[in-house]
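Below you'll find the structure, written out as structure tokens, and then a few comments.
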Amino acid sequence: MGDYKRHFLLLGLPATGKTSFLAALYYYLTSNLPDRKFIEYKKSANTAYLNKIMNLWSKCEEIDRTVTQIDSSNKEVLLHLEDVDTKTRFELQVPDIAGEHFVAQFTNRLWEKEYKHEVEKASGIALFLNPSKIRNHVLLDDTQIDDDDFEEVEELEPFKIEEVPTQIMLVDILNYHYVHQNKSPIPLSLVISAWDEVESENIAPLDWLQYNLPLLYQYLISNPEKFTLRVFGVSAQGGKIKDDDLEKERLASMDEPGERFIVRDGNNINKNICAPLQWLIAQ
Ligand SMILES: Nc1nc2c(ncn2[C@@H]2O[C@H](COP(=O)(O)OP(=O)(O)OP(=O)(O)O)[C@@H](O)[C@H]2O)c(=O)[nH]1
Ligand SMILES: [Mg+2]
């Protein structure tokens with residue numbers, strides 16, 4: 001039985017669902033759900049943090065922004081897992097890092113030494129995107145100014161680097177990661193979170209990416225020597241709990257919280273919340 005360590009990065013701009021996913025994953029690992037792929041064979045040293053986020057998740061309460069926690073914006077999380085089918089045991093290291101950290105990588109062009117070590121150790125990345133938090137690109141047509149409107153030029157907002165479109169920021173951040181890591185290509189599990197909010201469109205996650213973030217899509221599929229890509233639509237909560245009391249009540253009253261999971265992988269819809277990590281582990 002080989003014991004080994006797999007180290008993955010949870011990467012994502014602020015409020016993209018990283019902590020909610022981790023909370024849901026921890027529920028899955030420690031629950032009695034049938035047909036689990038992985039179980040926790042030994043308690044994590046980060047159990048207090050994991051229990052805290054899991055309890056909020058199970059009650060459908062909003063989880064604190066990771067950055068607002070007093071002690072740190074980076075929560076080390078080390079899980080001791082066993083693959084149920086093969087009985088292989090391994091350590092899964094998934095630091096829960098605040099999204100602001102990734103915005104700062106883009107705006108300041110700097111990495112902390114510690115983070116560099118995280119990247120060097122990583123054998124895969126789970127990149128989170130929240131469809132309702134995307135800053136869209138501006139079309140050239142939107143910026144055309146007629147002679148009559150000339151005076152308006154004076155009123156244009158100054159450029160703010162933190163306000164560039166989401167996909168530009170992500171391509172840049174991903175390229176940084178590619179340059180500094182040791183595995184080529186890097187397995188990249190792209191998690192489109194809050195999938196419950198797009199689910200009605202009945203679209204495969206890869207197609208969603210192509211239509212909504214074409215630059216990011218093209219960057220990822222045209223650089224197979226950099227990334228091996230798989231796209232998942234994931235709802236860790238099962239629905240909207242913010243500003244929707246009825247939906248929150250419906251979700252919170254479900255007997256089995258694991259029934260809330262929605263995972264879309266291609267055209268397949270299931271409740272296997274660990275799928276994005278399972279795929280990374282298999283690479
Ligand atoms: N509808 C819906 N909203 C979700 C889901 N998962 C997360 N959210 C919402 O997305 C927002 C951000 O969730 P977090 O899990 O805190 O995101 P994060 O990436 O950890 O954010 P930072 O720690 O700030 O970087 C919250 O308002 C959540 O309620 C989901 O499955 N469905
Ligand atoms: Mg967080």
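For the stretch 1-58, enumerate the residues that are touching a His at 6+ places or on another chain (Cβ under 8 Å) and in a loop (DSSP other than H, G, I, E, B).
Lys43, Ser44
Given the condition touching a residue at least 60 places away in the same chain (Cβ under 8 Å), farther than 25 Å from Thr19 by Cβ, over 18 Å from the mean Cα position of the chain (by Cα) and not in a strand (DSSP E or B), answer yes or no: does some residue in the stretch 237-255 qualify? Within the stretch 237-255 (the criterion being touching a residue at least 60 places away in the same chain (Cβ under 8 Å), farther than 25 Å from Thr19 by Cβ, over 18 Å from the mean Cα position of the chain (by Cα) and not in a strand (DSSP E or B)), the answer is no, since none of the residues qualifies.
For the stretch 166-178, the condition holds for no residue, the condition being that it is among the acidic types (Asp, Glu), surrounded by fewer than 16 Cβ atoms within 10 Å (Cβ to Cβ) and modelled with pLDDT under 95. Here Gly238 passes the criteria (1) of a type outside the set (A, V, I, L, M, F, W, C); (2) on the phi < 0 side of the Ramachandran plot; (3) surrounded by 17 or more Cβ atoms within 10 Å (Cβ to Cβ) except the one numbered (2). Restricting Lys160, Lys116 to residues that are at pLDDT below 95, under 20 Å from the mean Cα position of the chain (by Cα) and among the basic types (Lys, Arg) narrows the list to Lys116.
In the stretch 53-65, which residue that is among the charged types (D, E, K, R) and either exposed (fewer than 14 other Cβ atoms within 10 Å of the Cβ) or at positive phi (or both) is nearest to ligand 2 (Cβ to nearest atom)?
Of everything passing the filter in the stretch 53-65, Asp64 is nearest to ligand 2 (Cβ to nearest atom).
Residues in the stretch 193-213 that are hydrophobic (A, V, I, L, M, F, W, C), open to solvent by less than 50 Å² (accessible area, probe 1.4 Å) and on the phi < 0 side of the Ramachandran plot: Trp195, Val198, Ile203, Ala204, Trp208, Leu209, Leu213. Which residues, counting only those in the stretch 84-101, are away from ligand 2 (no atom under 16 Å from the Cβ), open to solvent by 40 Å² or more (accessible area, probe 1.4 Å) and not aliphatic (A, V, I, L, M)? Listed by number, the residues that qualify are Asp85, Thr86, Lys87, Arg89.
Here Leu22 clears all of (1) of a type in the set (A, V, I, L, M, F, W, C); (2) on the phi < 0 side of the Ramachandran plot; (3) open to solvent by 10 Å² or more (accessible area, probe 1.4 Å) except the condition numbered (3). When Pro205, Pro187 are checked against the criterion of being farther than 30 Å from Lys248 by Cα, in contact (Cβ under 8 Å) with a residue 60 or more places away in the chain and either within 16 Å of ligand 1 (Cβ to nearest atom) or touching a Phe, Trp or Tyr at 6+ places or on another chain (Cβ under 9 Å) (or both), Pro187 stands alone in meeting it. Can you spot a residue in the stretch 182-198 that is over 18 Å from Ala126 (Cα atoms) and more than 18 Å from the chain's Cα centre (by Cα)? Checked the stretch 182-198: no residue is over 18 Å from Ala126 (Cα atoms) and more than 18 Å from the chain's Cα centre (by Cα).
Can you tell me which residues in the stretch 102-117 are surrounded by fewer than 20 Cβ atoms within 10 Å (Cβ to Cβ) and either part of a helix (DSSP H, G or I) or touching a residue at least 24 places away in the same chain (Cβ under 8 Å) (or both)?
Result: Val103, Ala104, Gln105, Phe106, Thr107, Asn108, Trp111, Lys113, Glu114, Tyr115, Lys116, His117.
For first residues located in the stretch 86-101 and part of a strand (DSSP E or B), partners that are within 16 Å of ligand 2 (Cβ to nearest atom) and of a type in the set (Gly, Ala, Ser) and lie 6+ apart or on another chain with Cβ distances below 7 Å form the pairs Ile97/Ser73. Inside the stretch 1-50, residues that are of a type in the set (S, T, N, Q), within 16 Å of ligand 2 (Cβ to nearest atom), at pLDDT below 95 and more than 14 Å from Glu76 (Cα to Cα) make up a count of 0.
The values are calculated or read from the model by the stated rules, or taken from the named source; none is laboratory data. Predicted model, so just to flag it, every value in this text is computed and none were measured. We place every Cβ from the backbone using ideal geometry, glycine too, and count neighbours over all the protein chains shown. Ligands, DNA and RNA are stripped out before the accessible areas are found, and what is left, the full protein with its side chains, is counted by its heavy atoms. Shrake-Rupley method; radii C 1.70, N 1.55, O 1.52, S 1.80 Å.
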